[in-house]
1. How high is the relative contact order of the chain? Use alpha-carbon pairs under 8 Å, at least six apart in sequence, and give a whole percent.
2. Determine how large the accessible area of M163 is when every protein chain is in place; take a 1.4 Å probe and give Å² rounded to the nearest 10.
3. Quick one: pull the percent of accessible area on the chain belonging to carbon and sulfur, 1.4 Å probe, ligands and nucleic acids left out.
4. Loop-only check: which trypsin sites (Lys or Arg not before Pro) in region 160-216 are DSSP coil with at most 14 other Cβ within 10 angstrom?
5. Size of the dipole of the chain about the Cα centre, Lys and Arg at +1 and Asp and Glu at -1 on the beta carbon, nothing else charged, in debye to 20?
6. Quick check: net charge around F209, other residues with Cβ under 14 Å of its Cβ, Lys/Arg +1 and Asp/Glu -1?
7. Please compute the per residue accessible area over the chain with all protein chains in place, 1.4 Å probe, rounded to a whole number of Å².
8. If r is the Cβ-Cβ distance from D186 to T148 and R0 is 22 Å, what FRET efficiency results, to the nearest 0.05?
Amino acid sequence: PHTDIGAYEGPSKGSPAIIYVNANNATGVENGLSWNFAYTELQDALNVAEAGDEIWVAEGLYLPGAYGAPASAFNLKANVAVYGGFDGTETMRSQRKWDENPCVLSGDLNQNGSLDSNMDSFHVVIGATGATIDGVIVTGGCGDGALTDDRRGSGLFCDGISMTVSNCRFVKNWVDVEGGAIYARDGDLFISGCLFISNDASDYGSAIFLFNTLGS
């Protein structure tokens, strides 16, 4: 008969959960249930997250895909919050120090320090309704795809959604059209405590471009 060992399963879905991510987890067991058993990839946590969940992400480097897969991105989940900047020991979110524990979401997929057209991520993060990103560094997006929307919002791309961005740094993201760091249209975008450093767009909005969007 089949034996359900439990310890290797993801978080229980009976109620909102905290899902843990730590790139430096050395235990070999990854189910997201605690810091000891944290996922090493943010994408794994996003795959299992459901509305109301929080994803706690420890200091480290996180890539949305492999080099040469420019369509890869961290696709946020509706009503799921991603909080970065933990050291991997906290038991309460208020204990984190996001400015001391850099949590880097990078579209520079081969980590060579340059933006490679059609090889690095068009968008590092793609937004979702009710989602939150808080305390992360978004960098290395290279928006230069064949589709016009793949040349917009290489740090964060939002289309028809409302979400919150807090305590984040957008660094060295580039697009060929609009919104080097952030592009949003037909929605609401709530931004607080963020820094925009060395982002660029060939046309408009090196940092932020909003189209038919309320921003605050």
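The values are calculated or read from the model by the stated rules, or taken from the named source; none is laboratory data. Since this is a predicted model, take the numbers as computed values, not measurements. So basically every Cβ, Gly included, is an ideal-geometry build from the backbone, and we count neighbours across all protein chains shown. What goes into the accessible areas is simple: the full protein's heavy atoms, side chains included, and nothing from ligands, DNA or RNA. Shrake-Rupley method; radii C 1.70, N 1.55, O 1.52, S 1.80 Å.
1. On the way: 672 pairs, mean separation 28.7, N = 216.
Relative contact order for the chain comes out at 13 percent.
2. 0 Å²
3. Carbon and sulfur atoms account for 51 percent of the accessible area of the chain.
4. none
5. Working: 10 positive and 27 negative charges, 62 e Å.
The dipole of the chain has a size of about 300 debye.
6. Numbers: positive: R151, R152, R185; negative: D149, D159, D176, E178, D186, D200, D203.
Neighbour charge sum, excluding F209 itself: -4.
7. Details: 9490 Å² over 216 residues.
Computed with neighbouring chains in place, this is 44 Å² per residue.
8. Efficiency for this residue pair is about 0.90.
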